[in-house]
Amino acid sequence: MDKSLVRTANSFCYLPGSQFETIALPTEPRQTLASDRFVPHLVSDQARQNPGRIALVDDSTQMTYGQLDDRANRLADQLKGLGAGANTVVAVCMRRSSLTVLASLAALKSGAAYLPIDPTYPQERLSFILTDANAPIVLSDSTVADSLPAGSWRLVLLDSEDLRGSAPITWQTSQICPDQLAYVIYTSGSTGTPKGVEITHANLLNLVFWHQKAFAVTAEDRATQFASFGFDAAVWEIWPHLAAGAAVHIIPNEVRTSPELLEDWLVAQEITISFVPTALAERLITRDWPANTRLRFLLTGADTLHHYPRPGLPFALINNYGPTEATVVATSGRVDPENAHSGQRPPIGQPIDGTEIYIVDESLNPVSRSEVGELCIGGAGVARGYVNSPELTAKKFVPDPFAEKQGARLYRTGDLARWLPDGQIEYIGRVDNLIKIRGYRIEPNEIVSVLNTHPAVQASAVVAREDGTRNLRLLAYLVISQTQISPNASELRKLLRTRLPDYMVPAVFLEIPELPINANGKLDREALPSSENTKTLPDDDYVTPHTGLEEKLSAVVSELLGVERVGANDNFFLIGGHSLFGTQLIARIRDSFGVELPLRSVFESPTPALLAQQVEGSIVAKLETMSEDEVQRVLEQATSGGGLQ
């Protein structure tokens, strides 16, 4: 272990030379994990103590804790009769409902792990997941059964099963061990093949205890379930609340897509704690909430948060970060509206209880404060590994060089981050999402964070796309507020240039009604429309070329860069040009006008109007030795694009 590292409760201090520099602030010790009391035990405890209390509510039914526990016990007995047990996997592939939660609890009570699967997945993906996980049982319902692939697994349709009985059934629990699987969730793999993440009961219990303490969860709370069931956020939405005796309200599908409807629903249902994905949270925090709102915490995560909440909201906005491989949440923190003008995007908080965060270089050496590095996670939330992937597990789950416990592992997230002076963490982006253009490494989120400071920009995304000449250029997609005056491209370029170098200024600004979001609530970059079929923001600085030479040069630049319209005063380097294109522009000027300009001319005179002066000067110098008739002929050829002969 590096002697420059000094342990604290959740992270470390870095010692550059002889001066301590605190990286993270210690938190209170987390609750001690009992070796024999896990999530299914905690839910059963609530059922014994308060059998008549509401546990689950969906758009058609509600279920008390007594009903939930009894029916889960009956289903668990059936599952054990079908072969479910320790370290077997029971798949749950159903639409979001109270029955889905019941099925998952029954799988846990049988001693098995549950495997949540979104029923909207294509059959090929469903078949791969079920086969790879070796799930002997699939719990589903008649509404999605026909879409499920055929296989060797036993299909049980819960809406045709009678899980009610006249007499309660006692849960005959098997011994559950801390390292026993609790659930498996499949995430997208970089190779295109989904990978299953194995989460243990000890992993899950750490999440449950942290959440209950951090948000003071009691049986009086009303929480929500928003996320797709195949997304790990659903784990976080369900078990900490059921283990505390709170009610979990499953948000109707027609409400999930509308900020206006969701706000009304949260208020009407008297919800106190709710998770929503980042894209939706950013719209909710701009709304005027009624004074009687009971919501205490709006939790968000799944994507980069760019906006701060407006002052005066009746709830706290909590930004969270964590990969599936670290049991949903690894860092968490309140987003303070007072920091809205700090010029910094909202942080992702600090390590949660039982979790250690390290920001390191490629050799796993800690970086100093404010330096960007890869975020790595250690502690109680680190998953067991990947299903049937020992090589990938060994690559991503590495020995923890900072831990005192023998055999401890560190999960390498592939995310870039840096420590802030107050001990919080700023998320920068993905190592594999970095854009490399002309030798420059560009993190799109840096551009997005500046664009989103404009009062008219509700949301934005930046991607690199090839133009007609197969050269990469930056495109900015913008969702414009309907209550603000729409900005023009020049205005946005000026804003970006106050904070960013020219090579990070997008070549094109496109307006779209909303950002495409995938099933997990994250930005779907592949679904962003092509620039050809999207409205381009106008450029109010556009100046019509005054002369034939300016007009011809504007057309040359337009064709070269793939830009629809180039004005006389448009800067070549701010509309997508670079040094390689500069070389090509010099060649086209030579072919069109018969003059040889040095490359520096493009840098010194980057607009068609200024370049026209350079071309005219070269033409005049060459004409001084010609007769009057030759001069007239050549000038006519030059202005028509024929060039000097």
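Taken as a whole, the condition of being outside any loop (DSSP other than H, G, I, E, B) and over 21 Å from the mean Cα position of the chain (by Cα) applies to Glu254.
Taken together, the residues in region 368-385 that are free of Cβ contacts under 8 Å to residues at least 60 places away in the same chain and open to solvent by less than 10 Å² (accessible area, probe 1.4 Å) amount to 5.
Looking across region 218-246 at every residue that is assigned to a loop (DSSP other than H, G, I, E, B) and polar (S, T, N, Q), the one that is surrounded by the most Cβ atoms within 10 Å (Cβ to Cβ) is identified as Ser228. When region 110-124 is filtered for residues that are open to solvent by less than 60 Å² (accessible area, probe 1.4 Å) and either among the hydroxyl-bearing types (Ser, Thr, Tyr) or not in a loop (DSSP other than H, G, I, E, B) (or both), the ones remaining, listed by number, are Ser110, Ala113, Tyr114, Leu115, Pro116, Tyr121.
If the condition is being β-branched (Val, Ile, Thr) and either over 19 Å from Leu79 (Cβ atoms) or free of Cβ contacts under 8 Å to residues at least 24 places away in the same chain (or both), then region 110-128 contributes only Thr120.
Selection within region 70-104: residues that are among the small types (Gly, Ala, Ser) and in a helix (DSSP H, G or I). The member of this set that is most open to solvent (accessible area, probe 1.4 Å) is Gly81. All conditions in (1) open to solvent by 10 Å² or more (accessible area, probe 1.4 Å); (2) of a type outside the set (S, T, N, Q); (3) at positive phi hold for Gly349, with the sole exception of (1).
Please determine whether any residue of region 530-549 is closer than 20 Å to Asp303 by Cβ and at pLDDT 85 or above. Scanning region 530-549 turns up no residue that is closer than 20 Å to Asp303 by Cβ and at pLDDT 85 or above. Among residues of region 549-565 being open to solvent by less than 10 Å² (accessible area, probe 1.4 Å) and closer than 19 Å to Thr536 by Cβ, the one that is nearest to the chain's Cα centre (by Cα) is Leu561. In region 487-507, the residues that are more than 11 Å from Val450 (Cα to Cα) reach residues that are at pLDDT below 80 and part of a helix (DSSP H, G or I) with C-beta atoms within less than 6 angstrom, at least six apart or across chains, in these pairs: Asp502/Phe573. Here region 257-293 is the region considered, the condition is being in a helix (DSSP H, G or I) and among the small types (Gly, Ala, Ser), and the residue that is surrounded by the most Cβ atoms within 10 Å (Cβ to Cβ) is Ala281. Filtering region 372-397 to residues that are among the small types (Gly, Ala, Ser) and part of a helix (DSSP H, G or I) leaves only Ala394.
Of a type in the set (Lys, Arg) and under 15 Å from Ile129 (Cβ atoms) - does that describe any residue in region 193-200? Yes, region 193-200 contains a residue that is of a type in the set (Lys, Arg) and under 15 Å from Ile129 (Cβ atoms).
Out of Thr304, Thr300, one residue alone is open to solvent by 10 Å² or more (accessible area, probe 1.4 Å), in contact with a helix residue (DSSP H, G or I) (Cβ under 8 Å, 6 or more places away or on another chain), under 30 Å from Glu198 (Cα atoms) and among the β-branched types (Val, Ile, Thr). It is Thr304. When Val563 is tested against the conditions (1) modelled with pLDDT of 80 or more; (2) farther than 30 Å from Ala233 by Cα; (3) among the aliphatic types (A, V, I, L, M), the lone failure is (1).
Conditions tested, residue by residue: (1) closer than 22 Å to Trp239 by Cα; (2) under 24 Å from the mean Cα position of the chain (by Cα); (3) of a type in the set (A, V, I, L, M, F, W, C).
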| position | (1), (2), (3) |
| --- | --- |
| Pro290 | no, no, no |
| Leu298 | yes, yes, yes |
| Gly301 | yes, yes, no |
| Arg310 | no, yes, no |
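Look at Ile586 and say whether it is at pLDDT 85 or above and open to solvent by less than 20 Å² (accessible area, probe 1.4 Å). So Ile586 fits the description; yes.
Among residues of region 49-61 being farther than 11 Å from Leu242 by Cα and touching a His at 6+ places or on another chain (Cβ under 9 Å), the one that is surrounded by the fewest Cβ atoms within 10 Å (Cβ to Cβ) is Val57. Taking region 404-423 as the range and being more than 22 Å from Ile447 (Cβ to Cβ) and either free of Cβ contacts under 8 Å to residues at least 12 places away in the same chain or in a loop (DSSP other than H, G, I, E, B) (or both) as the test, the residues that pass are Glu404, Lys405, Gln406, Gly407, Ala408, Pro421, Asp422, Gly423.
The values are calculated or read from the model by the stated rules, or taken from the named source; none is laboratory data. The model shown is predicted, which means the values in this text are computed figures rather than measured ones. Note that we place each Cβ from the backbone using ideal geometry, even for glycine, and neighbour counts take in every protein chain shown. All accessible areas refer to the heavy atoms of the entire protein, side chains included, with ligands and DNA or RNA removed. Shrake-Rupley method; radii C 1.70, N 1.55, O 1.52, S 1.80 Å.
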